[in-house]
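Read the structure below first, then the notes.
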Amino acid sequence: MKVKPVLALPEGLEVTAIEMIDEVLTITAVSIQVYPCCPLCGTPALRVHSRYTRQITDLPCSGQQVRLLVQVRKCFCQVPGCARKIFLERLTPFVEPWARVTRRLYQIVQILGLATGGRLGIRVTDRLGIQTSRHTILRRIMALPTEPVGEVPQIGIDDFSFRRGRKFGTIVVDLQTHHVLDVLADRTADTSAAWMAAHPELEIVSRDRGGDYAAAAYKSAPQAVQCADRFHLLANLGKALEGVLARHLAAHRARIDQESRATPLSPVQGKGPPKKHPKHAEVCQAKREERLAQYQQVVARL
Ligand SMILES: [Zn+2]
């Protein structure tokens, strides 16, 4: 049985050996292209300079890691006007020049990354026998070309942190499709204004409750209606309520102190710490739960 069709190797490669080395299925092959072509001028080369073995990781076979050792040639380009005098013969589109993985492995990691993300993707690739890292998965995703942003009448704009609490960027979302439209490098008014200026079709800008994004919208999208988004409204409402409750709480404490001073303590009461009033405890518990909910909300957005 011919091995090459099973491994789905391209026509220009001839398998010379298959063996297990360090628990990796190692396939040795040699390039059998008749005349490698110069990558600059495309002229077939007649003279070989030297030979070189490329080590390339391929898709796993039945969960077994696969390594290709492919012998390729370095050739002379004899075209007088060509800038490339010596070149390494190409294996494209099977392997990109200088790549250490096959294009099909690259694409599989990219697809898994898109479906699962970095951390979950690494669990899946481990089970499939693909050795990679979550950083590699993320790099594959980021290498994908981004689609141009078409006409978008309604946007939501807000900041986020590339590094928690240190470096901030801006995210722009289509309010109709809920898809991310763009990610801007910072959260300054100028950067956001430049983005909005390129979209004269804007009708609604949903933003935080003022500041740079409002200034950007006033400057570059004066035709658009600005509104505060639900998250910031609720966040501001929560802070306002917290302030009101804190004032009531302080007054409540003062009243309790006055009452406790006016009422002599019994011997038993005087020994231990004062017990919290049930309503006081209830307010404290409510504040604690609210802080926890805010924390979880913020963590969920990161
Ligand atoms: Zn050439």
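Coupling constants for segment 143-151 follow from the phi torsions by the Karplus curve (6.51 cos²θ - 1.76 cosθ + 1.60, θ = phi - 60°), and in residue order they are 6, 5, x, 8, 6, x, 7, x, 6 Hz; glycine and proline get x.
Between the C-alpha center of segment 189-237 and that of segment 106-183 there is a gap of 24 Å. Only Lys, Arg, Asp and Glu carry charge here, each on its Cβ (+1 for the first two, -1 for the last two); on that basis segment 3-142 has a dipole of about 520 debye about its Cα centre.
The alpha-carbon of residue 239 sits under 12 angstrom from the alpha-carbons of these aspartates and glutamates, leaving out residues fewer than 8 places away in its chain: 290.
As a ratio to 2.2 N^0.38 Å, the alpha-carbon radius of gyration computed for segment 3-142 takes the value 1.19. Under 5 Å from the amide H of residue 86 lie the amide H atoms of 77, each residue being 5 or more positions distant or on a separate chain, with H modelled from the backbone and absent for Pro and chain starts.
Once the Cα atoms are used to define both axes, helix 118-128 deviates from the longest principal axis of the chain by about 40 degrees. Evaluating 6.51 cos²θ - 1.76 cosθ + 1.60 at θ = phi - 60° for every residue in segment 38-49, the Karplus couplings come out as 5, x, 8, 9, x, 7, x, 8, 9, 10, 9, 8 Hz, glycine and proline recorded as x. Taking 0.36 nm per residue of separation and subtracting the Cα-Cα distance, full extension of the segment from residue 86 to residue 255 would add 51.8 nm. The aspartates and glutamates within cross-link reach of residue 167, meaning a Cα-to-Cα straight distance under 19 Å and a gap of 8 or more places when in the same chain, are 158, 159, 182, 186, 190, 208, 212. Only Cα pairs under 8 Å and 6+ residues apart enter the sum, and on that basis the relative contact order of the chain stands at 8 percent. Counting only DSSP beta bridges whose two residues both lie in the chain, roughly 75 percent are antiparallel.
Projecting the Cα atoms of 98, 145, 82 onto the dipole axis of the chain, where Lys and Arg carry +1 and Asp and Glu carry -1 at the beta carbon, places 98 farthest toward the positive end.
If you line up the long axis of helix 103-116 against the longest principal axis of the chain, both from Cα atoms, how many degrees apart are they, to the nearest 10? Its long axis makes an angle of about 10 degrees. Between residue 26 and residue 232, the contour length at 0.36 nm per residue exceeds the alpha carbon distance by 68.5 nm.
Label positions at residue 128 and residue 162, each projected 7 Å from the Cα along the C-beta direction, are separated by 2.9 nm.
Counting other C-beta atoms within 10 Å, which of 202, 237 has the fewest, and how do the rest follow?
237, 202
In segment 154-228, Cα pairs under 8 Å separated by at least six residues give a relative contact order of 28 percent.
Could you compute the FRET efficiency for residue 99 and residue 17, with r as their C-beta to C-beta distance and R0 at 25 Å, rounded to 0.05?
For R0 = 25 Å, the calculated efficiency reads 0.65.
Once the C-beta distance of residue 48 and residue 180 is scaled by a Förster radius of 51 Å, the resulting FRET efficiency is 0.50 to the nearest 0.05.
Overall, the chain carries a charge dipole of about 1200 debye about its Cα centre when +1 sits on the Cβ of Lys and Arg and -1 on the Cβ of Asp and Glu, all other atoms neutral. Basic side chains Lys and Arg get +1 at the Cβ, acidic Asp and Glu get -1 at the Cβ, and with that the dipole of segment 216-265 about its Cα centre reaches some 80 debye. Modelled spin labels at residue 40 and residue 301, positioned 7 Å past Cα toward Cβ, are 5.4 nm from each other.
Every number here is computed from the coordinates shown, using simple stated rules; none is lab data. Values in this document were obtained by computation on a predicted structure and should not be read as measured data. FYI the Cβ positions are ideal-geometry reconstructions off the backbone, even for glycines, and counts take in every protein chain you see.
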